[in-house]
Structures are given as C-alpha cells and as structure tokens.
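Data first, discussion second: the structure below is written as structure tokens.
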Amino acid sequence: MRYLLLINKDEKKYDALTDAQRKALEQRYMEWGMKAAQAGLMRGGAKLQHTPTATTVRVRNGKRLVTDGPFAETAEQVAGICFMECDNLDQALEWAASHPDAEWASVEVRPMEFHAETKEKP
C-alpha cells in the first residue's frame, strides 16, 4: 500500500538553527531517503519552500479567490512530503518514526487511494 508522509515543522524553529545545525539535519534527511530507497520503499519526495511562497486558491460562488500564503495559520507548516510503498501501516509508522523531523517536529502518515480511472500508480 502506498502512504504519504507529511513532514510538518515550525518554520521559525528551523530558521533559528545555525548553518551547521541545518547542514547536519540536511545530511540526515539525505541518509534517511537513501536508506528508504535502498529498502525499495521510497517512491518520491520533495522539500517544500517556506509558506511565504505558497498561494492558496478557492472558488466561492463561481469566483476564483487567490490568497498569498497557506490556507490556515498553524504552529507547524507542511515542509515536505514522501511517498512510501509499505506492506502495511505498521511499516509506514516505523519509517515515519525514523525520519529526522519526527524527533523535533511531526510526521503525519496517510494511506493513499487511487481513483478507479487511474490505470497506473504515479
């Protein structure tokens, strides 16, 4: 089953890290991703730019509304995503717990569903 790992963190806390701390954390991200890929579980992932680069789109009464920034103000922001192909939820949770951000932020795990008309998994 395919799972989406949403990496959520407080951007202000991340920005407060020293350059050396950020570099060490980035190295841990790379090691984690390589380990997941070597295990045959990683299907893709991405680091997202900070929320000031986000644009939110809504349609209300047939009119498109475009707003700078994320949809909601929260303590943590979505900072990255990983797509994992795991045997079950327990395996996905193990990988989420081993992600470096699980130690100081959060990693949300969600099973992914595919529409019937989709012939291939992305």
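The values are calculated or read from the model by the stated rules, or taken from the named source; none is laboratory data. Note that the structure is predicted; figures quoted are calculated from it, not measured. Methodologically, a virtual Cβ is constructed for each residue, glycine included, from the backbone with ideal geometry; neighbour enumeration extends over all protein chains shown.
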All positions within region 50-71 that are part of a loop (DSSP other than H, G, I, E, B) and modelled with pLDDT of 90 or more: N61, G62
Of all residues being free of Cβ contacts under 8 Å to residues at least 40 places away in the same chain and part of a helix (DSSP H, G or I) in region 36-49, which is farthest from E113 (Cα to Cα)? Just the residue, please. Q38
Can you say whether R43 is in contact with an Asp or Glu (Cβ under 6 Å, 6 or more places away or on another chain), modelled with pLDDT under 95 and more than 19 Å from D10 (Cβ to Cβ), as far as the supplied structure shows? yes
Quick one: what pairs do we get from region 11-25, first residue touching a residue at least 60 places away in the same chain (Cβ under 8 Å) and in a helix (DSSP H, G or I), second exposed (fewer than 13 other Cβ atoms within 10 Å of the Cβ) and of a type in the set (F, W, Y), C-beta under 8 Å, 6+ apart or different chains? K13/W104
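Within region 92-111, how many residues turn out to be touching a residue at least 12 places away in the same chain (Cβ under 8 Å) and surrounded by fewer than 20 Cβ atoms within 10 Å (Cβ to Cβ)? Walk me through how you get there before you give the answer.
Within region 92-111, the subset touching a residue at least 12 places away in the same chain (Cβ under 8 Å) is 92-93, 95-96, 98-101, 104-111.
Next cut, surrounded by fewer than 20 Cβ atoms within 10 Å (Cβ to Cβ) only: 93, 98, 100, 104-106, 108-111.
Within region 92-111, residues that are touching a residue at least 12 places away in the same chain (Cβ under 8 Å) and surrounded by fewer than 20 Cβ atoms within 10 Å (Cβ to Cβ) number 10.
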Any residue that is modelled with pLDDT of 95 or more, surrounded by 15 or more Cβ atoms within 10 Å (Cβ to Cβ) and in a loop (DSSP other than H, G, I, E, B) - is there at least one of those in region 72-91? yes
Counted residues in region 1-39 being of a type in the set (D, E), exposed (fewer than 13 other Cβ atoms within 10 Å of the Cβ) and within 18 Å of the chain's Cα centre (by Cα) come to 3
